[in-house]
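Structure, as structure tokens:
The values are calculated or read from the model by the stated rules, or taken from the named source; none is laboratory data. Everything numeric in this text was worked out from a predicted model, so none of it was measured. Positions of Cβ are backbone-derived with ideal geometry, glycine not excepted, and every protein chain shown enters the neighbour counts.
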Amino acid sequence: MFVRSYLEFDWPCEAVVTLLLGDDPGRWLVAIVEESARWEGELVSRVGFEAAHRWVGRRDGIAIGPSVPFGGGLLLPVSWRSAELRALFPMVEADLQVAPLGRDLTQLSVNARYEPSPSGPGTGLDRTLLHRVAEAVIGDLLSRVASALRSRLEDRAGT
């Protein structure tokens, strides 16, 4: 299954890339993924899966890959898995992408891929419920990353 979310920044792409890589994404980005993972567990619990509140976004379950520059932008691989609910939430592989749209306009996106569990409740439920949860979680993750970047960009600009 594929999930994509994106937004635009009124900042030059080079500034966003520099900031994304300059503040050790292995530290601050992992914390953001953990926050979205906890929210994922709360969301799933609200839609009827009682065990979901036990989801633990552990640091050893989150990986930030090496960045890949391309076309004036950047791709940063991110992956995570559920510690407790593997039957519902398998490994998610995503790319955080920063791409220029113009001189002072940048697109920030998250493109995520996951396979529903071949057995258990994940397969049948994914088409009706869990894919919507995945879309919400990817949107939440993008929003959190964008907020952190905006805050850092504004601090640097002195506004």
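For the residues P66, P77, the requirement of being at pLDDT 90 or above, part of a loop (DSSP other than H, G, I, E, B) and within 24 Å of E35 (Cβ to Cβ) singles out P66. Among the residues of the range 99-106, is any buried (at least 18 other Cβ atoms within 10 Å of the Cβ) and either out of contact with any Asp or Glu (no Cβ under 8 Å at 6 or more places or on another chain) or modelled with pLDDT under 80 (or both)? Yes, the range 99-106 contains at least one residue that is buried (at least 18 other Cβ atoms within 10 Å of the Cβ) and either out of contact with any Asp or Glu (no Cβ under 8 Å at 6 or more places or on another chain) or modelled with pLDDT under 80 (or both). A search for C-beta distances below 8 Å between a residue of the range 5-22 that is in contact (Cβ under 8 Å) with a residue 12 or more places away in the chain and any residue that is of a type in the set (V, I, T) and surrounded by fewer than 19 Cβ atoms within 10 Å (Cβ to Cβ), counting only pairs 6+ apart in sequence or on different chains, returns nothing.
Residues that are over 24 Å from L101 (Cβ atoms) and surrounded by 17 or more Cβ atoms within 10 Å (Cβ to Cβ) within the range 62-80 comprise I62, I64, S79, W80, listed in sequence order. Among the residues of the range 90-108, those identified as closer than 15 Å to G72 by Cα and in a strand (DSSP E or B) are L96, Q97, V98, A99, P100, L101, G102, L105, T106, Q107, L108.
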